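Colleague: Below is the structure I would like to discuss, written out as structure tokens.
The values are calculated or read from the model by the stated rules, or taken from the named source; none is laboratory data. Bear in mind that the values here come from a model prediction, so they are computed numbers and not experimental data. Counting neighbours? That spans all protein chains shown, and the Cβs are built from the backbone with ideal geometry, glycine included. The accessibility values were calculated without ligands, DNA or RNA, using every heavy atom of the protein model including side chains. Shrake-Rupley method; radii C 1.70, N 1.55, O 1.52, S 1.80 Å.
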Amino acid sequence: MRERVEVSPGLVLRRWAVRDAAPVTAAFADPLMREQTVRPIGSPQDAQEWIAERAAEWEAGSAFAFSVVDGADTVLGQVSVGAVNRRHSVGWVSYWTTAAARGRGVASQACRALARWAFHEAGLFRLELGHRVNNPGSCRVAHAAGFAVEGRQRQKLAYDGIRYDVELHARLATDPEPLAASRQYISTRACT
């Protein structure tokens, strides 16, 4: 399986590396990102452990995380397929971007590339993802990457004592490839 995927000129998916500890630390210092990990990432040591966990998951075949970088190898975010179930050929997609990369189509382009990689190289048939219903940006990424809405999980997640519904999306290997435009604007009405 390829460990580096050219998405478009100036956008690449590659495996996380030890040299990424500082950008990972900076990314998770963003208040929007703090809830995206099981434990806080507040230091380069925490980031190195997080990167090592991604490498161990890759080697075990249980998850495949890519750093999304630009042409200068600047970390813009992550896309991953985890919770890989080989019996059913299913995986769970997640993604995030740095504050500087948001709103530029980086996540949707990276998710489209990740889906192709997961279907053709990891041998998966079904990819699933979910997002809080109060996150229309994540919903737009899912739609732009070809993930269809399948339902809602009521009050699945809890942050700071508040429970949130999660909208579920999925994409099958047999679904048509979504448009490859660098940016697709999807009405937030399609996202609830």
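Colleague: Taking the condition of being polar (S, T, N, Q) and closer than 15 Å to residue 45 by Cβ, how many residues in the range 5-29 meet it?
Modeller: Step one: list which residues in the range 5-29 are polar (S, T, N, Q), which gives 8, 25.
With the extra rule that they be closer than 15 Å to residue 45 by Cβ, the set shrinks to 25.
Of the residues in that region, 1 qualify.
Yes or no, residue by residue, for (1) in contact with a strand residue (DSSP E or B) (Cβ under 9 Å, 6 or more places away or on another chain); (2) over 19 Å from residue 111 (Cα atoms):
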residue: 1; (1), (2): yes, no
residue: 8; (1), (2): no, no
residue: 33; (1), (2): yes, no
residue: 38; (1), (2): no, yes
residue: 52; (1), (2): no, yes
residue: 64; (1), (2): yes, no
residue: 72; (1), (2): no, yes
residue: 78; (1), (2): yes, no
residue: 83; (1), (2): yes, no
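Colleague: Could you tell me whether any residue of the range 177-191 is β-branched (Val, Ile, Thr), more than 19 Å from the chain's Cα centre (by Cα) and either closer than 21 Å to residue 92 by Cβ or modelled with pLDDT of 60 or more (or both)?
Modeller: Among the residues of the range 177-191, not one is β-branched (Val, Ile, Thr), more than 19 Å from the chain's Cα centre (by Cα) and either closer than 21 Å to residue 92 by Cβ or modelled with pLDDT of 60 or more (or both), which makes the answer no.
Colleague: Shifting gears a bit: Name the residue that is most open to solvent (accessible area, probe 1.4 Å), counting only residues in the range 116-155 that are β-branched (Val, Ile, Thr) and touching an Asp or Glu at 6+ places or on another chain (Cβ under 9 Å).
Modeller: The extreme case among them is 149.
Colleague: Out of (1) assigned to a loop (DSSP other than H, G, I, E, B); (2) more than 17 Å from the chain's Cα centre (by Cα); (3) modelled with pLDDT of 95 or more, what's the single condition that is false for residue 39?
Modeller: (3)
Colleague: Restricting the search to the range 86-103, which residues are in a strand (DSSP E or B) and open to solvent by less than 80 Å² (accessible area, probe 1.4 Å)?
Modeller: Hits for the range 86-103 are 90, 91, 93, 94, 95, 96, 97.
Colleague: Cβ-Cβ distance below 6 Å, separation of 6 or more or different chains: which pairs start in the range 34-57 with a residue that is in contact (Cβ under 8 Å) with a residue 60 or more places away in the chain and end on one that is assigned to a helix (DSSP H, G or I) and open to solvent by 80 Å² or more (accessible area, probe 1.4 Å)?
Modeller: Short answer, once both residue conditions are applied: none.
Colleague: Output the residues belonging to the range 8-21 that are within 23 Å of residue 59 (Cα to Cα) and touching a helix residue (DSSP H, G or I) at 6+ places or on another chain (Cβ under 8 Å).
Modeller: Residues of the range 8-21 within 23 Å of residue 59 (Cα to Cα): 12-21.
Result: 13, 15, 16, 17, 18, 20, 21.
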